[in-house]
Amino acid sequence: MKVNLSQESSYWTQRYNENRMGWDIGYISTPLKEYFDQLTDKSIKILIPGAGNAYEAEYLFLNGFKNVFVLDISKTPLDAFAKRVPNFPKSQLLHDNFFTLKGNYDLIIEQTFFCSFVPTKENRSAYVSQMSKLLGKHGKLVGLWFDIPLTGDMEKRPFGGDKTIYLSFLDKHFSVITFEKCYNSIPERQGNELFGIFKKN
C-alpha cells in the first residue's frame, strides 16, 4: 500500500481545522478506559496510531504508563496534544505514516483508525500486515471497530464494516481472544461498535 503522506496529512489537517471531527467524542471512550484500568504492567510499550486528539494516550500517561507512543499523519492534533499534556515526551509524538512506520510494540490500540482510510482490500490487508509487523512476539491489538454498514461512498469517513468483514482480514495474522458487540459503548455509539482483543500469530 502506498499512502501519500502529504495528501493524507492535508486531508486530515483540513478536517481538524474545520472542526469536522464527528468521530471525536472529547474524552476517552468507556470500553478502552475499562480495558486500561485492568492492565497491571505499566512498563509495556503502547502505540496508538491515527490517534487524533489522543484522549486514550492522555489517560494512560496520567495513570503511570510512560511508554506510550502517539502517531498521527496530521501534525495539528499532535500539537494540540502537546499543549494539553505538556509533560508528555515530545519524542513519543510521532508525525508519520503508519504504513511505513518502524518499531516494536507490546500493545497497539485501535480507535476509529481502521475505518479512517479508503476501505479497499489492498488497504485493509496492508493495515493488518503492518499491525503484525509492529507487534512483538506476544503482542496484542486491542480496541474498537465500527459495526456499521460499509457503503460505496468513498468520501464517507469513517468507513464501516462488520465482524465477518473485519475477521476476513484479521484472521490472516491474528488469533481472536475476543471480538464481540461492545456492551459498554457510550450512548451515542450503542450497538454500533465491536470490541476486540487479538493476539499476534
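The values are calculated or read from the model by the stated rules, or taken from the named source; none is laboratory data. As the structure is a computational prediction, the values presented were derived from the model and not from experiment. FYI the Cβ positions are ideal-geometry reconstructions off the backbone, even for glycines, and counts take in every protein chain you see.
Tabulated data
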{"quantity": "Answer from Ala57, Ala51 - the residue that is closer than 24 Å to Asn192 by Cα, hydrophobic (A, V, I, L, M, F, W, C) and modelled with pLDDT under 95", "calculated": "Ala51"}
{"quantity": "Residue, surrounded by the most Cβ atoms within 10 Å (Cβ to Cβ), within the range 102-131, restricted to residues that are under 28 Å from Tyr27 (Cα atoms) and among the hydroxyl-bearing types (Ser, Thr, Tyr)", "calculated": "Tyr105"}
{"quantity": "Residue in the range 138-146 that is touching a residue at least 40 places away in the same chain (Cβ under 8 Å) and more than 28 Å from Gly26 (Cβ to Cβ) present", "calculated": "yes"}
{"quantity": "Any pair with Cβ under 9 angstrom, 6 or more apart, that starts in the range 119-137 at a residue that is closer than 17 Å to Asp162 by Cβ and ends at one that is of a type in the set (A, V, I, L, M) and buried (at least 18 other Cβ atoms within 10 Å of the Cβ)", "calculated": "Val128/Leu141; Val128/Leu170"}
{"quantity": "Single residue of the range 187-198 satisfying the filter (surrounded by 14 or more Cβ atoms within 10 Å (Cβ to Cβ) and either among the acidic types (Asp, Glu) or over 16 Å from the mean Cα position of the chain (by Cα) (or both)) that is modelled with the lowest pLDDT", "calculated": "Arg189"}
{"quantity": "Matching entry among Val128, Val118, Val142 (being assigned to a helix (DSSP H, G or I), within 28 Å of Cys182 (Cβ to Cβ) and not small (Gly, Ala, Ser))", "calculated": "Val128"}
{"quantity": "Count of the range 180-194 residues which are in a helix (DSSP H, G or I) and closer than 17 Å to Pro158 by Cα", "calculated": "2"}
{"quantity": "Test: residue in the range 154-177 that is among the polar types (S, T, N, Q) and surrounded by 14 or more Cβ atoms within 10 Å (Cβ to Cβ)", "calculated": "yes"}
{"quantity": "Of the criteria (1) among the small types (Gly, Ala, Ser); (2) modelled with pLDDT of 90 or more; (3) surrounded by fewer than 14 Cβ atoms within 10 Å (Cβ to Cβ), which one Gly139 fails", "calculated": "(3)"}
